[in-house]
Amino acid sequence: MRNFDLNLARVFVLLYETGSVTATAESLHVTQPTVSYSLGRLRRHLDDELFRRTGRGLAPTAGARRLYEPLRRALAEIDGAIGRAEDFDPATMSGCFTLALSDLGEATLLPRLLAAARERAPRVSFTVRPLDVDDAESRLSRGDLDAFVATPVLTSHRTVRIPLFHERYVGMVAADHPRVRGEAVTLPELAAEHHATVSGPSGHVVPRAVLATHGLLDRVAVEASRFSMLPYLLEQTDLIAIVPEYVGEVFTGSHRLRLVRLPFETEPIEVALYARHESSRSPSQRWLVAFMAEVLGERVSPAQLPPYPVR
């Protein structure tokens, strides 16, 4: 190991986390041929192919998987010992972050995030992109996103999944619904009503799956692509929709709607934050991930949300 270049370890860790020569080169501010040359040196030095090309990028070999955690941990300790002069100070420094959120995230989580950011990081701004769970991880690896929030469990060595909170599902109807009047709805009542469902790229598949399990898909009167249209639709019709409870609480706070318990248990879902591995984040991205995990990690009642500060 006397002749081993420590920079090769950093190249290896970034290649493992991004699965991309291009993304690694951008993170290190070097050219792609430089990264390819470093990978060649690593392969010769370790006598292992390390990565194989697939349709989704570079896939690590078994040898690379064994090496990753020790090298990642060693680099993190070195970085911590040396310290970084460019640590991000949210109180004084500016930054623009790109997030991917579902329309539910935009309606319920984004206000909390912005209210906290205006207090703690007044020069920070956000660009929000629509969440598509099928390509969010690759966009994160390419650097197109700084973070995203999703409910599906996405397993990839390229990203870190940080659980935020759990959700259960409830029914939502108009406040003056002509038939659903109590605090709960029975299965016969649910079967007698017509439903509104959502099918789209955000990954919420439980409502339709529940209806399918109980043979109620033929009771679906409308299927939309965004959850955010449901409160406008339900308060003017006699339809019922199955929604995450926290989302329903937010919607009932601003629309003439009520929540009702369902006649069966649904598997709780876990809302999670996804980001690149810590060793491949910039100082500002490290702050962002810690900030989002803290602010969004507690399930807060809508009535407890702070007002958006006007400056």
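The values are calculated or read from the model by the stated rules, or taken from the named source; none is laboratory data. Just so you know, these numbers come straight off a predicted model, no measurement behind them. Methodologically, a virtual Cβ is constructed for each residue, glycine included, from the backbone with ideal geometry; neighbour enumeration extends over all protein chains shown.
Number of residues in the stretch 215-261 that are of a type in the set (Lys, Arg) and in a helix (DSSP H, G or I) equals 1.
Between Leu58, Leu39, the distinction of being aliphatic (A, V, I, L, M) and closer than 18 Å to Leu75 by Cβ belongs to Leu39 only.
When Ala59 is tested against (1) surrounded by 18 or more Cβ atoms within 10 Å (Cβ to Cβ); (2) of a type in the set (A, V, I, L, M); (3) out of contact with any helix residue (DSSP H, G or I) (no Cβ under 6 Å at 6 or more places or on another chain), just one condition goes unmet, and that condition is (1).
Residues of the stretch 98-116 being buried (at least 22 other Cβ atoms within 10 Å of the Cβ) and in a helix (DSSP H, G or I), which ones? Spell out the reasoning first.
Taking the stretch 98-116 first, the residues buried (at least 22 other Cβ atoms within 10 Å of the Cβ) are 99-102, 104-105, 108-109.
Leu104, Gly105, Thr108 - these are the residues of the stretch 98-116 that are buried (at least 22 other Cβ atoms within 10 Å of the Cβ) and in a helix (DSSP H, G or I).
Across the stretch 90-112, the number of residues qualifying as under 14 Å from the mean Cα position of the chain (by Cα) and either hydroxyl-bearing (Ser, Thr, Tyr) or over 18 Å from Leu131 (Cα atoms) (or both) comes to 3.
Within the stretch 139-160, residues that are free of Cβ contacts under 8 Å to residues at least 60 places away in the same chain have Cβ atoms under 6 Å from residues that are assigned to a strand (DSSP E or B) and of a type outside the set (D, E, K, R) in these pairs: Leu145/Thr98; Leu145/Ala100, counting only partners at least 6 apart in sequence or on another chain. In the set Ala64, Ala76, only one residue is of a type in the set (A, V, I, L, M), at pLDDT below 90 and in contact with an Asp or Glu (Cβ under 8 Å, 6 or more places away or on another chain); that residue is Ala76.
In the stretch 152-163, which residues are of a type in the set (Ser, Thr, Tyr) and not in a loop (DSSP other than H, G, I, E, B)? Spell out how you get there, then give the answer.
Pass one, the stretch 152-163, residues of a type in the set (Ser, Thr, Tyr): 155-156, 159.
Within the stretch 152-163, just Thr159 meets the criteria.
Scanning the stretch 164-214 for residues that are surrounded by 15 or more Cβ atoms within 10 Å (Cβ to Cβ), part of a helix (DSSP H, G or I) and among the β-branched types (Val, Ile, Thr) gives Val206, Val210.
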